[in-house]
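Encoded as structure tokens, the structure appears first; notes follow it.
The values are calculated or read from the model by the stated rules, or taken from the named source; none is laboratory data. Remember, predicted model here, so these are calculated numbers, not experimental data. Methodologically, a virtual Cβ is constructed for each residue, glycine included, from the backbone with ideal geometry; neighbour enumeration extends over all protein chains shown.
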Amino acid sequence: MGILALLTGAIYLLLLLVLIVFLFCTGYIYYTHVKYDHIPGPPRESFFLGHSPSLMKMMKNNLIIYDPFFEWMEKYGPVIRLNGVHKVMVFVISPEGVKEFLMSPKYTKDDFYDNLHSMFGARFLGKGLLTDRDRDHWHKQRRIMDPAFNKSYLLGSMGTFNEKAEELVDKLLEKADWKTPIRMHEIMSRLTLDVIAKIAFGMELNAVREDQRLFPQTISMVMKGMVEARDPLSVFYPSKQGFIREVKRNIDILRKTGKECIEQRIKAIQDGEETPKDILTQILKGGELEEGCTLEDLIDNFVTFFIAGQETTANQLSFAIMELGRNPDVLDRLRDEVDEVIGSRRDIEYEDLGKLQYMSQVLKETLRLYPTAPGTSRTSLEEIVIEGVRIPSGSHVMLNTYIMCRMEKYFPDPLVFNPDRFHPDAPKTSHVYFPFSLGPRTCIGQVFSQMEAKVVIAKFLQRFEFELVEGQSFRMTDTGTLRPLDGVICRLRPRAERKTSKK
């Protein structure tokens, strides 16, 4: 009888605890509603889940979750709220808001970036440049790394850009028979991987020439993990456990490779050996380890540079080729410029890049329609009013260039690919276009990536004619970055004749 009474009491106590937890969660969610319901937004689908069900469904169906915003912005205005399970996200789609939150150093990145510190319990990007929310620690890292991206270092990168782009040309020539379909995103991903590996860390991966698949597949799996990790409940799904183990294994591959590379370079520097003039040498000679940054911090940046330097440029190159194939007038005009500036020369020089003005416009227009990193987020440390809407202190503020750059009010006929929007004399609206972010946290590799993109596109157009294979959807998919869903499938053939440079 005594045991039965104890069991009954334990059950009642457990039920009481469950009730207390339920009431606490309900009270907290109700509190967030009271705090944020003055901000306009679409009706919540659920008291507890907010708008999460439809957003998660869109992601699982390979839809872009930002597309509904165009209707919402018309209906509810430039500042709207979306309710998650336990937090509210305030989307600010206005130049005023972008200027306020991105140009000022007082707004820190919000806790979304903590989700990239570790993934499924495994350290991923840690406290690298992208994810570091500690302003002092980030500033110390940025100060050390900035010299590796100045003009003198970038000039030294031109040889690698040319070398790796030539390897790409050689590989494409093997299949340039006007019959064989080629997934341009796949081969561009291998190219950009080779480039960042050599220029940043002195590593020769030869991913293009040898069809080496380890690193491309590793990064692809990690990017898929980033998408899956958006669902906080995914770690509890039995069906996801094998996938999660595979993601963690690939994270471990990246971090172990980084550790070995860094330790070998540290030893070479200590032994007085000649070392490559790459980003890693600059970081180590800049004294990062002596200034309070650990070996783990260095590995964080190794992984960050690999992910950001490979994925984003490959996506931009693929989207650019896709739009050139869909817009023959733009293609002809760009090819004429390449023939005028580069002609039949094998090596492209740094000075050539500045003369490729229309190329710059094409690349910018590509990022307007297809920003590989569609947005960023900040925390509002104090209450602020944007566009007449009061944003409470502690809010998670989302800024999104994908949405803003596809709005008619900022870019007439926004879905038309028109590089002349970025002609030097064309009118421009500030704080709308920010594919590399803006302000103090702007992407350190912005100039690097656009130099690389120019060299690759110039050599591609110099050496090949191409057409897009029929039946592609030309849709995007969100895999942590925006990439082409079908991979941009092309047929190629060598160009019969090339003009001589008039330089």
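Some observations on this one:
- Criterion: assigned to a helix (DSSP H, G or I) and either surrounded by fewer than 18 Cβ atoms within 10 Å (Cβ to Cβ) or without any contact (Cβ under 8 Å) to a residue 40 or more places away in the chain (or both) - qualifying residue of 247, 235: 235
- Only a single item in (1) in a loop (DSSP other than H, G, I, E, B); (2) surrounded by fewer than 19 Cβ atoms within 10 Å (Cβ to Cβ) is not met by residue 240, and it is number (1).
- Close pairs from the stretch 23-34: first over 12 Å from residue 49 (Cα atoms), partner surrounded by 10 or more Cβ atoms within 10 Å (Cβ to Cβ), Cβ under 7 Å, at least 6 apart: 32/88
- Taken over the stretch 372-390, the criterion of being among the small types (Gly, Ala, Ser) and part of a strand (DSSP E or B) is satisfied by 375, 377, 380.
- Residue ranges of helices (runs of 4 or more DSSP H) in the stretch 1-103 with at least 2 members under 23 Å from the mean Cα position of the chain (by Cα) and of a type outside the set (S, T, N, Q): 52-60, 69-76, 95-103
- Listed by position, the helices (runs of 4 or more DSSP H) inside the stretch 272-371 whose residues that are modelled with pLDDT of 95 or more and of a type in the set (Ser, Thr, Tyr) number at least 1 are 295-326, 350-355, 357-369.
- For the condition of a type outside the set (Asp, Glu), closer than 25 Å to residue 131 by Cβ and touching a helix residue (DSSP H, G or I) at 6+ places or on another chain (Cβ under 7 Å), residue 193 qualifies.
- Residues of the stretch 367-389 that turn out to be surrounded by 20 or more Cβ atoms within 10 Å (Cβ to Cβ) and either within 18 Å of residue 223 (Cβ to Cβ) or among the basic types (Lys, Arg) (or both), as a count: 8
- Among the strands (runs of 3 or more DSSP E) confined to the stretch 426-503, the ones with at least 1 residues that are surrounded by fewer than 15 Cβ atoms within 10 Å (Cβ to Cβ), touching a residue at least 60 places away in the same chain (Cβ under 8 Å) and not aromatic (Phe, Trp, Tyr) are located at 464-468, 489-494.
- Residue in the stretch 47-83 that is nearest to residue 482 (Cα to Cα), counting only those that are modelled with pLDDT of 90 or more and among the hydroxyl-bearing types (Ser, Thr, Tyr): 66
- Filter pass, residue 190 being assigned to a helix (DSSP H, G or I) and buried (at least 22 other Cβ atoms within 10 Å of the Cβ): yes
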